[in-house]
Amino acid sequence: MAADWLGSVVSINCGLALGVYQGEVSSVDHASQTISLKQPYHNGIRCHLPEVTFSAMDIKDLKFLNIQNTVDKPSSGQGAAAEPSVILSGRQGQSSRVTQPHVTSSSSQSSTAPITILRRAPTAPSNSRGATQATLKKNSVRNGGAGGLMRTKDDECFGGETNENMDADFDFEGNLALFDKAAVFSQIDGIDGHSNRAQHQSTQGEQKSLSYRHDENILEVKPVIYRQITVPQHRGKEYCTDSGLVVPSVPYELHKRLLAAAERWGLSLERRLETVGVCSSQMALTLLGGPNRLTPKNVHQRPTVVILCGPHIQGAQGISCGRHLANHEVEVILFLPNFVKMQESVTNEVQLYSRTSSKQVASIKDLPVSPVDLVINCLDCHENPLLREQTWYQSAADWANQNRAPVLSIDPAVSGQPPTVEAKWTLSLGLPLPLTETESRVYLCDIGIPKLVFQEVGIRYHSPFGCKFVIPLHTA
């Protein structure tokens, strides 16, 4: 009978000390109570020895992984004590007969221990889960129930029976539809169900009509007033901020009166120039790339900015902007012709600018021929529009238009003619002037004029800047 198991693949568990061996049965000796495996594996690793022999007293458990030549094998005619037991392994449409020999253990106990044979149940695709569980249950009953030799996967993992209702998904929507909140509320309040349901639906309709954006306050108790700035006899152009606040434009005469009133209250020209220089330079740094461009690891690609200035206050504002840009490691080239007479504010700004390591040129021939990163235009003057007819002005404007760099104009002059230099961005101060319709994007700069100074010239003012000093304006 031992010859019937030669060639079978078995797994022998010898406990924690020796581990688990797998291999093909090469010999079984009843006399010495040993079994030998050829081409063995020890704990999943191929052994160097061609054959390993085990004693019955060292074997804790033995499982047949592949049984050879055991289907429909007749018995040898020995006595009932030596007859192997027969186990039917259930498969769909066929059955196989497996014989189970008895190996006598050489341990202190004299009883014989049968070798346990386990077979893995046939698997089915995932879309036939119910049929697979029914087959496993039938095989379990045929082999003696859940405690038999052929146990299901659930019994091996959890040691208990599986609830068949686990396959059905719970219907959350159907279960929720059974609960009528309106009827329950009507019972609690003692009100008729139909009237309460209608009232509840109308309340839901009102709640759905109130929708808020992520940046809106749901606790507002009064409506927002978007026209918070009013000017006397306004008939000009209007702008609006990103939040919807209306910012009207003011004529140059009113803007000039506003700046004069601010100077009387202490906001001197020098302080205004410094504020404009800081805000415009901050805008220029953002246009140049900000932290993505100006980093210590990018010193070999410092941006180059050309500032075109005239001998007036607007030119002084550009020089102040260039000084702050130079302090932030920007390569600045200042164009300022050698004029016979310049305003004192321009002279003071040039002296401060000369303390930087940047360049200053007086001729267009000294400006770069290749495109630069940014051009800042401060050529225009509100008080003297005749500067446009001078040679140096026209040469500088032609150079700026021929250079393919984007242009930022700071406080441009208002005139009925189109601008000489085509700017991509325009920066206004305090309140915007009625600029000519162009494709330039208008921005507004906060120069620090107090609220009561606006009221002195007849402007009802509420700051539209929020947390910023430079904000974009859109055509209303």
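All of the numbers you see were taken from the coordinates with simple rules; none came from a lab. Everything numeric in this text was worked out from a predicted model, so none of it was measured. When we count neighbours, we look across all protein chains shown, and the Cβ atoms used for this are built from the backbone with ideal geometry, even at glycine.
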Surrounding net charge for Leu18, when Lys and Arg each add one and Asp and Glu each subtract one, Cβ distance under 10 Å: 0
Inter-site label distance for Gln402 and Ser211 at 7 Å from Cα along Cβ, in nm: 5.6 nm
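Would you please give the FRET efficiency between Cys240 and Arg441, computed as 1/(1 + (r/R0)^6) with r the Cβ-Cβ distance and R0 = 22 Å, to the nearest 0.05?
E(calc), rounded to 0.05, equals 0.95.
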Pair-distance profile P(r), taking every C-alpha pair of the range 238-475, with 5 angstrom steps and integer %: 1, 6, 14, 19, 20, 17, 12, 7, 3, 1, 0
Length added when fully stretched, Tyr41-Glu253, from 0.36 nm per residue minus Cα-Cα: 66.4 nm
Inter-label distance for Val361 and Lys341, nm, one decimal - labels placed 7 Å from Cα along Cα-to-Cβ: 2.9 nm
Phi to ³J(HN,Hα) by Karplus 6.51 cos²θ - 1.76 cosθ + 1.60 over the range 265-272, Hz, x for Gly, Pro: 8, x, 7, 5, 5, 4, 5, 5
Val20-Asp169 FRET efficiency (beta carbon distance; Förster radius 35 Å; 0.05 resolution): 0.30
Residues with amide H under 5 Å from that of Ser415, placed H, sequence gap 5 or more: Thr436
Cleavage-rule hits, GluC sites (Glu not before Pro), the range 216-303, DSSP coil, Cβ neighbours within 10 Å at most 14: Glu216, Glu220
